[in-house]
Amino acid sequence: MHFDLADLRLFIHIGESPSLTQGARRAFLSPAAASARIKALEQQLDTRLLYRDSRGVELTPAGQKLLVHARLIMRQVDYLKADFTHLGADSAGHIRIFANTTAVTEFLPEVLAGFLAERPGVSVDLQERLSRDIVRGVLDGSTDMGIIAGPVEAAGLQVMHFSTDRLVLTVPVGHELAQCKRISLKQTLAFQHIALHEGSTLLSFLREHVERIGQGLSLRIQVSSFEAICRMVEAGVGIGIIPESAALRHSRTMRLVTIELDEPWAVRERSILVRELEALPGTVRALIATLMPTPVPD
């Protein structure tokens, strides 16, 4: 036996009203629609629930019994909503995030460390994905939020810019390119590159732009982090294109030279993607507020 919660709430409204019309009005239904729902409920229970006459409606003994159960059921539903509303404020819950390489390896670990330390009841599933998969995941509901770099073309998404980074070339001190102030991607292709692992968003992004100029990217070694790229560059193994934020941080402890990439796509806007901000659980909105430079509405 299946009960529709909307039908039970309607029955309560009618049972507490002097007429079906008034009960229907409280449920925001027409009298005809309300009557049809009650008749369907009676058929499901195989019993009469209301006496109907010109003066209004009166509950049958079966109707009185259903009214008691309906009130108990709806009260428990309200308790359930209240409990999860409290938990969902921002102190507990699960968040799934699809993000690009830079987000996963650079700034999200620090942000999430502080966020989770303050909220012991929150857990996070952080997955590195390609940009197209991040957009698709947010659109189809596979993830609560996405973090992406660069332009986003996807109808039906809310895009919130939260920071800007740029891609730069790193070379070892003394390298023949070290005196350059600016350099094009094409000029770097004469040298062997050190890059991230297969499947990383940055490597896929760079390959796309290399293919557009009709050349190939010569990879000497692929590693798992920007720190590893910088260590290889410092040792003279090759050159590497990485986010400026990572290059500046590792330059403090390594002998590296950073060169600006003379490409329009080198400046990359970081954005958070969601389907509908207001519809997200409070925990997710709290994380977004942590990332955003300005407050996000609750």
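Read-outs throughout are calculated quantities, based only on the coordinates presented, and are distinct from any laboratory measurement. Values in this document were obtained by computation on a predicted structure and should not be read as measured data. Glycine gets a Cβ as well: all are built from the backbone with ideal geometry, and neighbour counts include every protein chain shown.
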To the nearest 20 debye, region 94-213 has a Cα-centred charge dipole, built from +1 on Lys and Arg Cβ and -1 on Asp and Glu Cβ, of 400
Once Lys and Arg are counted +1 and Asp and Glu -1 for all other residues with Cβ under 15 Å from that of Glu234, the total becomes +4
Candidate cut points under trypsin sites (Lys or Arg not before Pro) in region 1-78, DSSP loop plus at most 11 other Cβ atoms within 10 Å of their own Cβ, are Arg55
Rounded to the nearest 0.05, FRET efficiency between Arg220 and Ser123 (Cβ-Cβ, R0 35 Å) equals 0.35
Dipole check, the chain, charges on Cβ (K,R +1; D,E -1), about Cα centroid: among Thr283, Leu10, Pro172 the Cα furthest to the positive pole belongs to Leu10
Nearest 10, in degrees from 0 to 90: the angle of helix 61-88 to the longest Cα principal axis of the chain is 20
Any aspartates and glutamates whose Cα falls less than 17 Å from that of Lys39, other than same-chain ones fewer than 8 residues away, would be Asp4, Asp7, Asp53, Glu58
For region 230-298 the GluC sites (Glu not before Pro) that pass both the DSSP coil test and the at-most-16 other-Cβ-within-10 Å test are Glu276
Of the candidate values [x] 0.96; [y] 1.26; [z] 1.08, the one computed for Rg/Rh (Cα atoms, Kirkwood Rh) from this structure is [y]
The farthest towards the positive end of the charge dipole of the chain, of the residues His209, His161, Thr143, given +1 on Cβ of Lys and Arg and -1 on Cβ of Asp and Glu, is Thr143
Here the gain from full extension of Asp133 to Ala155, 0.36 nm per residue of separation minus their alpha-carbon distance, amounts to 6.4 nm
Relative to the chain, whose Cα atoms define the longest principal axis, helix 282-291 and its Cα axis are tilted in degrees, nearest 10, by 20
The local net charge around Glu16, scoring Lys/Arg +1 and Asp/Glu -1 for residues other than Glu16 whose Cβ lies under 12 Å from its Cβ, equals +3
Computed over region 5-88, the convex hull of the Cα set has an average projected area, in nm², of 5.8
Note: probe point = Cα of Lys65 + 7 Å toward Cβ; backbone nitrogen < 15 Å; residues of region 4-42 passing the test are 42
Mean separation of Cα contacts under 8 Å (at least 6 apart) over the residue count of region 5-88, i.e. the relative contact order in percent, is 28
Note: Leu72 to Ala6 extended length (0.36 nm per residue) minus current alpha-carbon separation gives 22.3 nm
Per DSSP, the loop-located GluC sites (Glu not before Pro) within region 99-141 having at most 15 other beta carbons within 10 Å are Glu118
Within region 150-177, the residues whose backbone N lies under 20 Å from a label point placed 7 Å from the Cα of Leu189 along the Cα-to-Cβ direction are 167-171, 177
Percent antiparallel among DSSP beta bridges confined to the chain, rounded to 5, stands at 60
